[in-house]
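These notes concern the structure reproduced below.
The values are calculated or read from the model by the stated rules, or taken from the named source; none is laboratory data. Note that this is a predicted model, so its numbers are computed, not measured. Please note: Cβ atoms are built from the backbone with ideal geometry, for glycine as well, and neighbour counts cover all protein chains shown.
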Amino acid sequence: MTERLIRHWVCGGFLAGILLLILLPVITRDWSWAVLAVFVQLPIYMLHQFEEHDNDRFRTFVNRTVGGGREVLSPLAVFIINVPGVWGVIAVSFYLAALVSSGYGLIAVYLTLVNAIVHIIPAALFRSYNPGLVTAVLLFLPASIFGIATLQQTGQVDGFHHLIGILIAVGIHVAIVAYVKTRRSGPQNL
């Protein structure tokens, strides 16, 4: 069962993302715009992950382009990056935004924005599609801009919240790049 979850998590995430968006008007009707702006990052990320990872697109793309045919990104690594690494981080950010300070919602928002940038820059440089590009442009950019603007209006956001959000988002992406580079030149475990 674990192997099937690792290989097919993206299908469940896609369906959950659609369901969350359908239920959004009902479950969020008493929420502030700020909490909603943070929460919506999760279902749109799930839709993005489907474009990116369905049929093993992203892993195959990275292994071919970065790994030169070597497996620098395994199915387990993709699962860990995306389920606890994305869903978990967004969930923690959402809880902190709802229960501590809206400013902590910037963790989820910057995670989305940085990921959009990570898709858009290579597409522009190489003038080619990469898995996840369409949803990065159509969903991530507007949702992250809306999120930053909405959270900023709460009066609970300061430089610390922007810094922590950016550092965590960039840190996660740098860790992924470091992992792939290490795998490219080292042993092929995880």
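Checking the condition free of Cβ contacts under 8 Å to residues at least 40 places away in the same chain and aromatic (Phe, Trp, Tyr), which residue from Phe140, Phe126 passes? Walk me through it before giving the result.
On the way: Phe140 fails: free of Cβ contacts under 8 Å to residues at least 40 places away in the same chain.
Matching residue, one of Phe140, Phe126: Phe126.
From the list Arg57, Arg7, exactly one residue is of a type outside the set (Ser, Thr, Tyr), in contact (Cβ under 8 Å) with a residue 24 or more places away in the chain and out of contact with any helix residue (DSSP H, G or I) (no Cβ under 7 Å at 6 or more places or on another chain). Which is it? Walk me through it before giving the result.
Numbers: Arg7 fails: out of contact with any helix residue (DSSP H, G or I) (no Cβ under 7 Å at 6 or more places or on another chain).
Within the list Arg57, Arg7, the selection yields Arg57.
Could you say which residue among Leu15, Leu20 is part of a helix (DSSP H, G or I), surrounded by 14 or more Cβ atoms within 10 Å (Cβ to Cβ) and among the aliphatic types (A, V, I, L, M)?
On the way: Leu15 fails: surrounded by 14 or more Cβ atoms within 10 Å (Cβ to Cβ).
From the options Leu15, Leu20, the qualifying one is Leu20.
So which of Gly88, Gly69 is more than 15 Å from Tyr129 (Cα to Cα) and modelled with pLDDT under 95? If you could, list the steps in order and put the result at the bottom.
Numbers: Gly88 fails: modelled with pLDDT under 95.
When all the criteria are applied, what remains is Gly69.
State all residues of region 60-76 that are in a helix (DSSP H, G or I) and under 18 Å from the mean Cα position of the chain (by Cα); if no residue qualifies, say none. Talk me through it step by step, then tell me what you get.
Keep residues of region 60-76 that are in a helix (DSSP H, G or I), which gives 60-65, 75-76.
Within region 60-76, Phe61, Val62, Pro75, Leu76 qualify.
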In region 149-184, how many residues are assigned to a helix (DSSP H, G or I), farther than 17 Å from Val89 by Cα and of a type outside the set (D, E, K, R)?
11
Under the condition of being surrounded by fewer than 13 Cβ atoms within 10 Å (Cβ to Cβ) and aliphatic (A, V, I, L, M), which residue from region 168-190 is modelled with the lowest pLDDT?
Leu190
Kindly indicate whether Tyr104 is farther than 21 Å from Ile44 by Cβ, in contact (Cβ under 8 Å) with a residue 40 or more places away in the chain and part of a helix (DSSP H, G or I).
no
On the basis of being more than 27 Å from Val92 (Cβ to Cβ) and surrounded by 12 or more Cβ atoms within 10 Å (Cβ to Cβ), does Pro131 make the cut?
no
